[in-house]
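*Asks:* If you scroll down you'll find the structure; I have some questions about it.
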Protein chains: 2
Amino acid sequence: MTEATRKPDASRRSQRSREAILTAAMELMAEVGYAKLTIEAIAARAGAGKQTIYRWWPTKSAVVLDAFRLNAETQEDEVDFPDTGDLDADLRIVMRAIADECNNPRYDGPARVMIAEAQHDPEFGAEAREAFLLPAITATKERLRSGQRAGQLRADADLDVVVELLFGPIHHRWLHSTAPITHAYADQIVDYVLAAVRP
Amino acid sequence: MTEATRKPDASRRSQRSREAILTAAMELMAEVGYAKLTIEAIAARAGAGKQTIYRWWPTKSAVVLDAFRLNAETQEDEVDFPDTGDLDADLRIVMRAIADECNNPRYDGPARVMIAEAQHDPEFGAEAREAFLLPAITATKERLRSGQRAGQLRADADLDVVVELLFGPIHHRWLHSTAPITHAYADQIVDYVLAAVRP
């Protein structure tokens, strides 16, 4: 039976089953970590068959990355990178949103697990980087490039490094839990980075 | 028998035994990770008794942190934070040394394990932060403060944030393996950060 000939009920059931599997994977990741996570345990928690999981995802890492994707999509504080023409204001919006994510347990827990597992398993790390980090870096670089074209950033600024100057400090503070992450802190980073790269 | 009345031979044997235990702990951390590491496995690998280990270290995390300490002390590229009066040059020396560490498997492997385990186990994370990260932050802040007194840094610069602007980008690049970490990159970070905080 192909997708087109499937009855609406079967398609809804299938959608519910996918979500149950991804939710189970997310919960188990937080409870036991990636290394000890098994397809069996996900199937049991989701009330689904192992075969159902393997039909949709070839590997454990594929399920987990999709679970992170679903989790990210359902975050309420998800923001697109704004381009109002005011680079300073746009960077503040995004850096404050990142600060909010750091303080949001729905982001904090899974993100820590993902980073920890990436250190043990470079292949998983590469997939996670491709799925989550690189899109954020690309969106930030595009906004910086538009600011550069508008003369708000030095023409010779290395945008890869500017992105790291923005993400690096807040990431370091979050990962090592060295100090609270506030909107004022997010603003401070923007102030320093713009001071470094203004023409 | 107290330390003072112990024969030299016994003391040497004891020192060799400590080092064998810490080396075994370090090797096993890299092989199986902190979660699966057991005192039994360390004892077996080191050819020591479990009781010997428990006599010297009350917990698994205590052994592991000492193992990291021994590993850090035997790094050839270990540097003290220089204070030649030239802040720019001193920061370059330290940031290049950090770049070298990132490219050194003897640092890279254990540091990734330590960070990964800190995400699963906040108590271990707190001990590791206290033992390794905070001393580096303190030393860097002291050097920045001396530069601030010499008028090479804005008087209102927030030194905690300046440290994060230095450490954050290189740490982000290393942890997420997004690009090579070269001396030129270390220099770039110093250039941007000093541009941000010069009076």
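*Asks:* Restricting to region A:175-199, and then to whatever is more than 10 Å from chain B (Cβ to nearest Cβ) and not hydroxyl-bearing (S, T, Y), can you tell me which residue is surrounded by the most Cβ atoms within 10 Å (Cβ to Cβ)?
*Replies:* In this case the residue turns out to be A:A186.
*Asks:* Let me ask you something else. If A:A116 meets every condition in (1) buried (at least 17 other Cβ atoms within 10 Å of the Cβ); (2) under 12 Å from the mean Cα position of the chain (by Cα) apart from one, which number is that one?
*Replies:* Among (1) buried (at least 17 other Cβ atoms within 10 Å of the Cβ); (2) under 12 Å from the mean Cα position of the chain (by Cα), A:A116 violates only (2).
*Asks:* Continuing with this model, one more query. Regarding B:A97, is this residue buried (at least 20 other Cβ atoms within 10 Å of the Cβ), in contact (Cβ under 8 Å) with a residue 12 or more places away in the chain, more than 9 Å from chain A (Cβ to nearest Cβ) and closer than 30 Å to A:V113 by Cα?
*Replies:* Spelling it out, it is not the case that B:A97 is buried (at least 20 other Cβ atoms within 10 Å of the Cβ), in contact (Cβ under 8 Å) with a residue 12 or more places away in the chain, more than 9 Å from chain A (Cβ to nearest Cβ) and closer than 30 Å to A:V113 by Cα.
*Asks:* Also, quick follow-up: Exactly one of (1) within 30 Å of A:Y34 (Cβ to Cβ); (2) within 7 Å of chain A (Cβ to nearest Cβ) is unmet by B:E130. Its number?
*Replies:* That leaves (2) as the condition not met.
*Asks:* Of these, A:D86, A:D160, which one is without any contact (Cβ under 8 Å) to a residue 40 or more places away in the chain, within 13 Å of chain B (Cβ to nearest Cβ), surrounded by fewer than 20 Cβ atoms within 10 Å (Cβ to Cβ) and over 21 Å from A:S61 (Cα atoms)? Give the steps one after another, and end with the answer.
*Replies:* Values: A:D86 fails: within 13 Å of chain B (Cβ to nearest Cβ).
After applying the criteria, what remains is A:D160.
*Asks:* Out of (1) touching a Ser or Thr at 6+ places or on another chain (Cβ under 9 Å); (2) more than 11 Å from every other protein chain (Cβ to nearest Cβ), what's the single condition that is false for B:H172?
*Replies:* Exception for B:H172: condition (2).
*Asks:* Examine region A:187-195 for a residue that is under 15 Å from the mean Cα position of the chain (by Cα) and touching a residue at least 12 places away in the same chain (Cβ under 8 Å), and state whether such a residue exists.
*Replies:* No, region A:187-195 contains no residue that is under 15 Å from the mean Cα position of the chain (by Cα) and touching a residue at least 12 places away in the same chain (Cβ under 8 Å).
*Asks:* Right, another one. Looking at the structure I just gave you, is B:A44 more than 14 Å from chain A (Cβ to nearest Cβ) and not in a helix (DSSP H, G or I)?
*Replies:* When the stated conditions are applied, B:A44 does not pass them.
*Asks:* While we're here: Answer with yes or no whether A:L91 is at pLDDT below 85 and in contact with a helix residue (DSSP H, G or I) (Cβ under 7 Å, 6 or more places away or on another chain). Break it down stepwise before answering.
*Replies:* Numbers: at pLDDT below 85: no; in contact with a helix residue (DSSP H, G or I) (Cβ under 7 Å, 6 or more places away or on another chain): yes.
When the stated conditions are applied, A:L91 does not pass them.
*Asks:* Moving on to the next point. Taking region B:21-54 as the region of interest, how many residues are touching a Leu at 6+ places or on another chain (Cβ under 8 Å) and farther than 22 Å from B:Y107 by Cβ?
*Replies:* 1
*Asks:* Evaluate the following for A:G147: is it at the interface with another protein chain (Cβ under 7 Å from one of its Cβ atoms) and either under 18 Å from the mean Cα position of the chain (by Cα) or surrounded by 17 or more Cβ atoms within 10 Å (Cβ to Cβ) (or both)?
*Replies:* So A:G147 does not fit the description; no.
The values are calculated or read from the model by the stated rules, or taken from the named source; none is laboratory data. Every value quoted in this text rests on a predicted model; they were computed, and no experiment measured them. Note that each Cβ is placed from the backbone with ideal geometry, even for glycine, and that neighbours are counted across all protein chains shown.
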